[in-house]
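Heads up: the structure comes next, in structure tokens.
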Amino acid sequence: MKYLFAFLSILAAVSTVGAAGRSVSYEIDGTPYEGYYVSAGANAPMVLLIHDWDGLTDYEVKRSEMLAEMGYSVFAADLFGAGVRPTKIEDKRQHTGELYKDRQKMRALVAGALEKAKSLGANTGNAVVMGYCFGGAAVLEYARSGADMKGFATFHGGLGTPEGQNYAKAKGQFLIMHGSADTAISMDDFAKLAKELETNGVSHEMITYGGAPHAFTVFGSDRYREDADKKSWRRFSEFLSATLK
């Protein structure tokens, strides 16, 4: 779970947003999914948000509402399936593991969420994809497919590149934010990605936050680091402003 604090914050945020967000049911290859959409108005720039290994929970809803307050329409994708919100570690590993083993499906789920957002009126031609933890890995997977997005951003995301893949077809701007105290995704992984992006001529900025462990942005958790969270969110806000029209 992503803590009562996050849920209460969502309620406060919803009351201040011009148009309240809503759950959205959709299908990909006959499987039902349930995302979350909040519109900031016609032709507003858009953010496609991808969840961590907990699935789409109150945390992603909160972040979506925060972005809507800033003037962005947001579609929070569901990569696990409607009603699939694992709470046990073994279940989280199962659902993420299935997608790590099927990269084409992972790409299709991100693309399918983007298509659903477009059908709802979102401006997908002026959009950035962002994700947390597992969602960060999905963002980079989608980027390697050559997806024509304005930008890709990750917070404490998975940084590894599967064997046989590269960033030769990657487009847009990249922003990678990582905790240097992260023991799940090492600084060696961080450096390797930097070399890959540089080798392939990908425009990128990569930032580390001292003392920040994995999942340093998750409100209320013992891993939450307020300083790193605020700094990374501020930089992401600047990235959106500079990348989207």
Note on F75: of the conditions (1) open to solvent by 40 Å² or more (accessible area, probe 1.4 Å); (2) within 21 Å of Y142 (Cβ to Cβ); (3) in contact (Cβ under 8 Å) with a residue 12 or more places away in the chain, unmet is (1)
Kindly indicate the residue of the stretch 145-188 that is open to solvent by 10 Å² or more (accessible area, probe 1.4 Å) and touching a Ser or Thr at 6+ places or on another chain (Cβ under 8 Å) and also farthest from H214 (Cα to Cα) among those meeting that condition. K169
Subset of the stretch 123-165 [touching a residue at least 24 places away in the same chain (Cβ under 8 Å) and on the phi > 0 side of the Ramachandran plot]: C133, G146, H156
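Limited to the stretch 85-102, what total is found for residues that are open to solvent by less than 50 Å² (accessible area, probe 1.4 Å) and either in contact with an Asp or Glu (Cβ under 8 Å, 6 or more places away or on another chain) or assigned to a strand (DSSP E or B) (or both)?
We begin by selecting, within the stretch 85-102, every residue open to solvent by less than 50 Å² (accessible area, probe 1.4 Å); these are 86, 92, 95-97, 99.
Those still in the list that are either in contact with an Asp or Glu (Cβ under 8 Å, 6 or more places away or on another chain) or assigned to a strand (DSSP E or B) (or both) too: 86, 92.
Qualifying residue count, the stretch 85-102: 2.
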Of all residues in the stretch 36-67 being more than 15 Å from the chain's Cα centre (by Cα) and not in a loop (DSSP other than H, G, I, E, B), which is surrounded by the fewest Cβ atoms within 10 Å (Cβ to Cβ)? P45
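Out of all the residues in the stretch 134-143, which are more than 11 Å from L48 (Cα to Cα) and out of contact with any Phe, Trp or Tyr (no Cβ under 6 Å at 6 or more places or on another chain)? Lay out the reasoning, then the answer.
At the first step, the residues of the stretch 134-143 found to be more than 11 Å from L48 (Cα to Cα) are 134, 136-138, 140-143.
Once the filter is applied, which keeps residues that are more than 11 Å from L48 (Cα to Cα) and out of contact with any Phe, Trp or Tyr (no Cβ under 6 Å at 6 or more places or on another chain), the stretch 134-143 yields G136, A137, A138, L140, E141, Y142.
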From the list L120, L175, L109, which one is within 17 Å of F80 (Cα to Cα) and touching a residue at least 60 places away in the same chain (Cβ under 8 Å)? L109
So E198, is it in a strand (DSSP E or B) and out of contact with any Cys (no Cβ under 6 Å at 6 or more places or on another chain): no
Among residues of the stretch 114-141 being of a type in the set (V, I, T) and outside any helix (DSSP H, G or I), the residue surrounded by the fewest Cβ atoms within 10 Å (Cβ to Cβ) is T124
With criteria (1) part of a strand (DSSP E or B); (2) open to solvent by 40 Å² or more (accessible area, probe 1.4 Å), A82 comes up short on (1)
Taking the stretch 148-171 and keeping only residues that are over 14 Å from V110 (Cβ atoms) and among the β-branched types (V, I, T), one is left with T161
Those residues that are open to solvent by less than 60 Å² (accessible area, probe 1.4 Å) and part of a helix (DSSP H, G or I), I need them from the stretch 201-231; list them, please. A228, D229
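The values are calculated or read from the model by the stated rules, or taken from the named source; none is laboratory data. From a predicted model like this one, the values you see are computed outputs, not experimental measurements. Virtual Cβ from ideal backbone geometry, glycine too; neighbours counted across all protein chains shown. All accessible areas refer to the heavy atoms of the entire protein, side chains included, with ligands and DNA or RNA removed. Shrake-Rupley method; radii C 1.70, N 1.55, O 1.52, S 1.80 Å.
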